[in-house]
Amino acid sequence: MVQIQSRNNRELPQTQGRITRVDWDKVDRSKNAVKTFGIWIGIMCGSSLVPFWHYLLVPSFFITAWVMAMDKLNEPARSEGGDGECPQCHQPFKIEKSKWTPRITDTCGKCFNDLEVFIQTANQ
Ligand SMILES: [Zn+2]
């Protein structure tokens with residue numbers, strides 16, 4: 001169960017929604033890490049073609065690749081997305097897939113209200 005709050009108007013009462021949690025196992029995490037590392041190394045190779053700036057870009061993308069890969073390796077779960085009710089227009093909206101964090105930001109597709117989705121760790 002998640003609580004949904006409007007970021008544009010905090011006075012509005014919170015509504016509720018549901019999202020699906022998917023736990024990564026060790027193999028998935030390593031795959032994610034390798035994939036992320038590969039993407040950033042690809043960007044690094046691309047940046048080596050940029051004149052002059054490659055002196056700066058190549059090492060910084062190399063560091064980014066490691067940092068992002070390590071981040072993926074430590075990511076315990078992700079959110080598969082879900083449904084909720086918009087606190088502003090009371091229309092159902094889809095919660096996007098994202099990292100599993102206590103607070104997910106999203107936008108209502110109907111009234112374009114900025115929303116915050118709070119995951120309640122107690123009822124999982
Ligand atoms: Zn809305």
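Values computed for the structure shown
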read-out: Some residue of region 66-74 being assigned to a loop (DSSP other than H, G, I, E, B) and either at negative phi or without any contact (Cβ under 8 Å) to a residue 60 or more places away in the chain (or both); value: yes
read-out: Strands (runs of 3 or more DSSP E) (entirely within region 80-124) containing at least 2 residues that are more than 26 Å from Asn32 (Cβ to Cβ); value: 92-95, 114-119
read-out: Residue that is modelled with the lowest pLDDT, among those in region 87-100 that are in contact with a Ser or Thr (Cβ under 8 Å, 6 or more places away or on another chain) and surrounded by fewer than 14 Cβ atoms within 10 Å (Cβ to Cβ); value: Lys99
read-out: Among (1) farther than 29 Å from Val117 by Cβ; (2) buried (at least 16 other Cβ atoms within 10 Å of the Cβ), the one test that Ser79 misses; value: (1)
read-out: Hey, Gly17 in contact (Cβ under 8 Å) with a residue 24 or more places away in the chain and among the small types (Gly, Ala, Ser) or not; value: yes
read-out: Region 87-103, residues that are within 16 Å of the ligand (Cβ to nearest atom) and either within 13 Å of Ile119 (Cα to Cα) or in contact with a helix residue (DSSP H, G or I) (Cβ under 9 Å, 6 or more places away or on another chain) (or both); value: Ile95
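Conditions (1) in contact with an Asp or Glu (Cβ under 7 Å, 6 or more places away or on another chain); (2) among the polar types (S, T, N, Q); (3) away from the ligand (no atom under 16 Å from the Cβ); (4) at pLDDT 95 or above, marked per residue:
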residue	(1), (2), (3), (4)
Glu11	no, no, no, no
Arg21	no, no, yes, no
Val34	no, no, yes, yes
Gly38	no, no, yes, yes
Trp66	no, no, yes, yes
Glu85	no, no, no, yes
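The values are calculated or read from the model by the stated rules, or taken from the named source; none is laboratory data. Bear in mind that the values here come from a model prediction, so they are computed numbers and not experimental data. Every residue, glycine as well, gets a Cβ built from its backbone with ideal geometry; the counts of neighbours run over all protein chains shown.
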